[in-house]
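Working notes for the structure below.
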Amino acid sequence: MPGRVSTARSSRSSAAVSHKSSVQTLNSRASTASRISSPYVETPEETPENELRTQVSSMFRDAQRTTASHRKLVINLRKIQEACCYEPTSKKKNKTGAEDFDEEQFTYEFTRCVLRVMPVKKSESVGERAIRFIGLFLRHANEKDNELIPEADQEAGIMVETPSTRLTSHLMAAILPLLTAKEKFVRYRSTQLISHVINSLEAIDDDLFQLLRHGLLKRIHDKEAMVRVQAVLGLGRLAGNEADGEAEDSDDDDSGAGLLEKLLDVLQNDPSADVRRSLLVNLPILPNTLPFLLERARDQDPATRRALYSRLLPALGDFRHLSLSMREKLLRWGLRDRDENVRKAAGKLFRERWIEDCAGTAEAEDGQEGEAAAGEAKPPSFDGLLELLERIDVVNSGVENGVALEAMKGFWEGRPDYRDAVTFDDNFWDTLTAEAVFMARSFNDFCLNEGNGKFEALIEEKMPEVTKLAFYLLRYITVLVEALKRVAAQEPSEDEEEEETVEQEFIVEQLLHIARTLDYSDEVGRRKMFALLRQSLSIPDLPEEVTKLTVEVLRGICASDAAGEREFCSVVLEAVADVHDTIMDEAASVNEDESFHSAKSVVSSDGSPSKSQKTEEEDQDKAIREIMVNMKCLHIVQCMLENVEGNLQQNANLVAMLNNLVVPAVRSHEAPVRERGLLCLGLCSLLDKSLAEENLTLFMHFFSKGHSALQITALQILTDILNQHGAQTLETNPALLKVYLKALKSGSKTPEVQAAATVAIAKLMLGRVISDSSPVIEDLLRTLVVLYFDPSTAHNQGVRQTLSYFLPVYSFSRKENQDRMRKVALDALHKLFEVQETLDDEGDAAVEMVGISTIGAHLIDWTDPRKCYVPGNQLTLGDEGSKKAVNGDVHLEFARDLLERLGSSISREEKKLLAPLLQKLHVSPASTHSLLREIYAEVSDAINSKLVADATGRNALFKIHVSLGKIVNSLKEKEDDSNDLRESMRSSVNSQKSRESVAPSVVGEEEDGADKTVLGKVKEGEVEEEDEDEGTVIGGRRDSLVSELLSDGDVEMSGL
């Protein structure tokens, strides 16, 4: 290794001349680079060939072929650099042939080769290899030079100038002007090289740092996404250094937090997904950047979302540093993403990375760290799994539709080691926690529903039998009831008991979920569970969710036939009676005690007001108690009715319940009781059509007079009744549709009612419950189209989301639906035009509306006959030939409607918006011929009468006129050819018949004399008569001429 930098190397030939020549060459090259304005890089003037150029060029040439030889080439190029820059320490050392050249010449040749790389297109892999080679060499050269720096300078932290630092500075100075080149590939390669060098080197000179930073900042807004990607790759490293305090003393406005803010703005707003993804991976993870990075979980690009789960979050470290809400959001967003790869990445993160964080902590606490040998998989840690479930708040996320169920499903599927090692022994069931019972429930659900039954053996092996589970369920229900009583008796401020009650309730719910899936073929276990559930259902303090699950498990235990349903109803109604009696008995006992004390007080004092005060309190307590009784009983009945499918009139228990409990509740003066009674009455109406018809008026009354929540309930009941009992119910009660129309127009006051009504009407129309002959179906469809584009529904996402699915599906499902959409399209467009004019007049800039031309394009697309589903016709949108063969009458009628509207008295602005829609219509040659001719004639009249004044509209009219004209002319040509063919066939058949009529008469004269001659004359007369008839047919029924002529010929031949 050379020991020192050569100080007299430039004096080998002539120091002054050599130095001057070198400076002039560099200056000329620099000035050339600074004037880059042509599409390609202007390389410096060529100097005579020499040994150094040959060697350096060969290195670059070999580096372009493969990256496998880069390391060897870098070492060889470093030897050449050392030979040029350092004095040799030994004369016996192998010479490279570059000893006669100095550092400036090496720098010039190296820069010359680098500039040759700049115009290479992105698609050329040689450019990528060359830039990797350049970065690798600069890093290697800087490392080797740093080894020669004295230790004292290294410890002082001073950056010493070396040949490699001078080479880097010179190269960057040559590349920086290329960042503003006109040619996009030059900007791309220059930005790529600078970013690669920044990420390769450990240290850069401060002045060069600022120059690179300033140059890259300009490229983050380049019009080419590939340039912006490379710019943010380099700035990400610089931002990380600045965040660590490397630019604290800089007074530049862009320094410090300014760079991070700009990059975060690019991360949020750049239109290119590649740019956002590059920033996501390369930005430093800091407290102020982490929220912006995590919000990319909602990025519109699937690859960016996947990068968050597969690269950023695993690199983040321990997930427990995130807040509880952020953990839950990330898990929910990832596992419910619409892209399968994102879901897989989120599931892998949960079952591999997060579980290892918790398992490592659990092992450290148990003193088991280091037991697993290096490279071996860690054994399953169920303490870590329980902690993981606790960290995602399983009590709240483990409910129905919670994300914890989906996460554990993927966990059991992807971790067979945990699946095989899990055990549920008696100690596990005796000491259940919320996390433990959820683990058992999720394992049971996974084994039951996944793998097409191949995991069901694990249920038999690891889960308890029905009898044992019934005992555990009884124990935890008892604990829950006692906890509820303690909470009811304690002060409202005490929260510990309430938290314990929530956990106990969750445990009971999960046990009931397990019980719902068990096999009740064991009669002993079935009876035990049946008796337990029957007894539990009679407990007045049982929470509503537990009550609902208890009823569902009871329904599963009873048989699925009519007898089982009657048994189920009788058991549940017995429990309802017990609950009613228990609560009322408690109230009676309390009243007796209070009356005894009040009597003593009356005896001891003369004041009668205390007695009247007690009486008022007793009446108030009694009213509250009655409300509680009715609410509890009605909730049990509601849960029962949700699990019943039979006929109401055939079940005496249900009829008695309806008359004794539901009807009085609907007539109650207490609003909560009345509303729950309404819900139960609606469920009863689904079981009996006559009951539904009798109470339709009542449900409509509740809608018109109730608050928003009650209106939604009434709408849901009415919709379910119509779906259950068919369109006949709607036809006999036409006032029902007015309810829906009123609900659709209630968006300003009650947007949630409008959203519920939109969903309801979408269901009724897609299910064809609202028949095609209904007088208001077009009004409903027109209203839905207007709502979809009306700016007043911009914040009502329920309405927008429903209609974005409904409108295209409804239109494409049937030809009749497309025709109906066509009928309402222009009226809806006119209404939306008026809405837009109103907004323009008011000048409300905060409210934005989609343009009328865009709305028209939607309407034309929804009525496109090529997209309509035809039963039995497997057409694909990619088959252009099949598209053209579709009957396009609906768009021809649309064109007629547009022409009529353009000829009416609408405003000039509206005409300008409507006329361009004509050119977007699809004119199909397979349409009805008569309709094609009619529309062609109408378009021709419109052109002649100058119906459209503006140029855009006229061009659209001319375009559809040309399209129609081609088809009509081709039809005319076909008809002319067909007529010629018929005439020729007719003449040939007539001549054939005349020859055949003469031939039999001659034969008859020779053989039989006069008799045969008469026969020949009769035949000839028949042909002549038929010819006369055929002459008449040509003017009337041309389509059947050929078949008639052929049949006539057959008759003559048979006569022969």
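The values are calculated or read from the model by the stated rules, or taken from the named source; none is laboratory data. Just so it is clear, the structure is predicted and the values come from calculations on it, not from any experiment. Neighbour counts run over all protein chains shown; Cβ positions are idealised from the backbone, glycine included. Accessible surface is based on the protein model in full, side chains and every heavy atom, while ligands, DNA and RNA are left aside. Shrake-Rupley method; radii C 1.70, N 1.55, O 1.52, S 1.80 Å.
Is it fair to say S804 is exposed (fewer than 13 other Cβ atoms within 10 Å of the Cβ) and either touching a Gly at 6+ places or on another chain (Cβ under 7 Å) or closer than 18 Å to L784 by Cα (or both)?
Considered against the rule, which asks whether it is exposed (fewer than 13 other Cβ atoms within 10 Å of the Cβ) and either touching a Gly at 6+ places or on another chain (Cβ under 7 Å) or closer than 18 Å to L784 by Cα (or both), S804 comes out as yes.
Name the single residue that is surrounded by the fewest Cβ atoms within 10 Å (Cβ to Cβ) among those in the stretch 311-325 being of a type in the set (A, V, I, L, M) and more than 15 Å from G347 (Cβ to Cβ).
The first filter runs over the stretch 311-325 and keeps only residues of a type in the set (A, V, I, L, M), leaving 312-313, 315-316, 322, 324.
Applying the additional criterion that residues be more than 15 Å from G347 (Cβ to Cβ) yields 312, 315-316, 322, 324.
Numbers: L312: 18, A315: 10, L316: 16, L322: 18, L324: 13.
Among residues in the stretch 311-325 that are of a type in the set (A, V, I, L, M) and more than 15 Å from G347 (Cβ to Cβ), the one surrounded by the fewest Cβ atoms within 10 Å (Cβ to Cβ) is A315.
The residue pairs whose first member lies in the stretch 815-832 and is among the polar types (S, T, N, Q), whose second member is open to solvent by 10 Å² or more (accessible area, probe 1.4 Å) and at pLDDT below 95, and whose beta carbons are closer than 6 Å, counting only pairs six or more residues apart or on different chains, are Q818/C868; Q818/V890.
The residues on offer are T713, T697, T719, and the sole one that is in contact with an Asp or Glu (Cβ under 9 Å, 6 or more places away or on another chain) and among the β-branched types (V, I, T) is T713.
Looking at the stretch 118-127 only, could you name the residues that are under 26 Å from P48 (Cα atoms) and either open to solvent by 10 Å² or more (accessible area, probe 1.4 Å) or more than 45 Å from the chain's Cα centre (by Cα) (or both)? Selection gives P119, V120. Applying a threshold of 8 Å to beta carbon distances and a minimum spacing of six or more residues, or different chains, the list of pairs starting in the stretch 675-700 at a residue that is without any contact (Cβ under 8 Å) to a residue 60 or more places away in the chain and ending at one that is acidic (D, E) reads G682/D720; L683/E642; L686/D720; L687/E645.
Is it true that L741 is more than 21 Å from E675 (Cβ to Cβ) and open to solvent by less than 50 Å² (accessible area, probe 1.4 Å)? Don't jump to the end; show me each part of the working.
Numbers: more than 21 Å from E675 (Cβ to Cβ): yes; open to solvent by less than 50 Å² (accessible area, probe 1.4 Å): yes.
When the stated conditions are applied, L741 passes them.
Pairing each residue of the stretch 740-751 that is touching a residue at least 60 places away in the same chain (Cβ under 8 Å) and more than 18 Å from T719 (Cα to Cα) with any residue that is among the aliphatic types (A, V, I, L, M) and surrounded by 14 or more Cβ atoms within 10 Å (Cβ to Cβ), provided the two are 6+ apart or on different chains, yields no C-beta distance under 7 Å. The criterion of at least 3 residues that are crowded, with 18+ Cβ neighbours inside 10 Å and touching a residue at least 60 places away in the same chain (Cβ under 8 Å) is met, among helices (runs of 4 or more DSSP H) falling completely within the stretch 397-515, by 403-414, 434-449, 466-489.
Among residues belonging to the stretch 44-55 that are assigned to a loop (DSSP other than H, G, I, E, B) and open to solvent by 60 Å² or more (accessible area, probe 1.4 Å), point out the one that is modelled with the highest pLDDT. Spell out the reasoning first.
As a first pass, look at the stretch 44-55 and keep what is assigned to a loop (DSSP other than H, G, I, E, B): 44-50.
Retained after the next criterion (residues that are open to solvent by 60 Å² or more (accessible area, probe 1.4 Å)): 45-46, 48-49.
Values: E45: 64, E46: 68, P48: 73, E49: 80.
Checked the stretch 44-55; the qualifying residue modelled with the highest pLDDT is E49.
The number of residues in the stretch 744-777 being open to solvent by less than 10 Å² (accessible area, probe 1.4 Å) and more than 24 Å from A825 (Cα to Cα) comes to 1. The set of residues in the stretch 603-640 that are at pLDDT below 85, buried (at least 16 other Cβ atoms within 10 Å of the Cβ) and among the basic types (K, R) comprises K614, R625. Could you go through the stretch 318-325 and let me know if any residue there is at pLDDT 90 or above and in a loop (DSSP other than H, G, I, E, B). The answer is yes; a qualifying residue exists. Selection of the stretch 727-772 for residues being in a helix (DSSP H, G or I) and β-branched (V, I, T) yields T729, T732, V739, V753, T758, V759, I761.
Only one entry of K966, K974, K912 meets the criterion of being open to solvent by 50 Å² or more (accessible area, probe 1.4 Å) and touching a residue at least 24 places away in the same chain (Cβ under 8 Å), and that entry is K912. In the stretch 326-360, what residues are surrounded by fewer than 15 Cβ atoms within 10 Å (Cβ to Cβ), in a helix (DSSP H, G or I) and under 16 Å from the mean Cα position of the chain (by Cα)? Listed by number, the residues that qualify are E340, N341. S278 passes every criterion in (1) touching a residue at least 12 places away in the same chain (Cβ under 8 Å); (2) open to solvent by 30 Å² or more (accessible area, probe 1.4 Å); (3) not hydrophobic (A, V, I, L, M, F, W, C) apart from (2).
When you go through K959, K972 one by one, which is the residue that is under 18 Å from F894 (Cβ atoms) and assigned to a helix (DSSP H, G or I)? Spell out the reasoning first.
Details: K972 fails: under 18 Å from F894 (Cβ atoms).
Criteria check complete, one pass: K959.
Whenever a residue of the stretch 916-940 is in contact (Cβ under 8 Å) with a residue 24 or more places away in the chain and among the polar types (S, T, N, Q), its partners that are part of a helix (DSSP H, G or I) and open to solvent by 50 Å² or more (accessible area, probe 1.4 Å), lying with C-beta atoms within less than 6 angstrom and at least six residues away or across chains, give the pairs Q919/K959.
Out of all the residues in the stretch 187-239, which are among the acidic types (D, E) and at pLDDT 90 or above? Don't jump to the end; show me each part of the working.
Filtering the stretch 187-239 down to residues among the acidic types (D, E) leaves 202, 205-207, 222, 224.
Correct list: D222, E224.
Here is the figure for the stretch 56-69: residues that are closer than 14 Å to V114 by Cα and either touching a Lys or Arg at 6+ places or on another chain (Cβ under 8 Å) or surrounded by 17 or more Cβ atoms within 10 Å (Cβ to Cβ) (or both) total 5.
The set of residues from the stretch 644-672 being touching a Lys or Arg at 6+ places or on another chain (Cβ under 7 Å) and under 16 Å from F702 (Cα atoms) comprises A665, V666, S668.
Tell me, yes or no, whether the stretch 519-536 has at least one residue that is in a helix (DSSP H, G or I) and on the phi > 0 side of the Ramachandran plot. Full working, then the answer.
Quick first cut of the stretch 519-536, residues in a helix (DSSP H, G or I) only: 523-536.
With the extra rule that they be on the phi > 0 side of the Ramachandran plot, the set shrinks to none.
Scanning the stretch 519-536 turns up no residue that is in a helix (DSSP H, G or I) and on the phi > 0 side of the Ramachandran plot.
The lone criterion from (1) within 20 Å of C684 (Cβ to Cβ); (2) open to solvent by 10 Å² or more (accessible area, probe 1.4 Å); (3) touching a Lys or Arg at 6+ places or on another chain (Cβ under 8 Å) left unmet by T713 is number (3). Taking into account only those residues within the stretch 128-152 that are open to solvent by less than 10 Å² (accessible area, probe 1.4 Å) and aliphatic (A, V, I, L, M), which is nearest to T111 (Cα to Cα)? Once the filter is applied, the top-ranked residue is I134.
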